């Protein structure tokens, strides 16, 4: 399975960052599915999550999913 990994950094300080693994119970079955959803999910998280106010999306990638329970 493939997992989406997003890195958000404070807009005023590029050195304070958070890495987030958005919850997606089954993961993505293909790299293309993950890449297609990545920017949309990041935009939704920036809009909806209070802990990300003042942050911007710095980078994102798709990679192998870790063991269950390792997502932040």
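The values are calculated or read from the model by the stated rules, or taken from the named source; none is laboratory data. What you are looking at is a predicted structure, and each value in this text was computed from that prediction instead of being measured. Backbone-built Cβ (ideal geometry, glycine too); neighbour counts: all protein chains shown.
Select from the range 5-23 the residues that are within 13 Å of residue 64 (Cα to Cα) and at pLDDT below 90 and list them in ascending order. Quick ask: steps written out before the conclusion?
We begin by selecting, within the range 5-23, every residue within 13 Å of residue 64 (Cα to Cα); these are 5, 21.
Selection gives 21 alone.
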**Asked** For residue 41, all conditions in the list (1) without any contact (Cβ under 8 Å) to a residue 40 or more places away in the chain; (2) over 12 Å from the mean Cα position of the chain (by Cα) hold save one; what is the number of the exception?
**Response** (2)
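Please go through the range 24-58 and give me each residue that is assigned to a loop (DSSP other than H, G, I, E, B), at pLDDT 90 or above and in contact with a strand residue (DSSP E or B) (Cβ under 7 Å, 6 or more places away or on another chain), ordered by number. Don't jump to the end; show me each part of the working.
Step one: list which residues in the range 24-58 are assigned to a loop (DSSP other than H, G, I, E, B), which gives 24-27, 29-30, 49, 53-54.
Now restrict to residues that are at pLDDT 90 or above: 49, 53-54.
Once the filter is applied, which keeps residues that are assigned to a loop (DSSP other than H, G, I, E, B), at pLDDT 90 or above and in contact with a strand residue (DSSP E or B) (Cβ under 7 Å, 6 or more places away or on another chain), the range 24-58 yields only 54.
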**Asked** Of everything in the range 59-72 that's surrounded by 16 or more Cβ atoms within 10 Å (Cβ to Cβ) and modelled with pLDDT of 85 or more, which residue is nearest to the chain's Cα centre (by Cα)?
**Response** 60
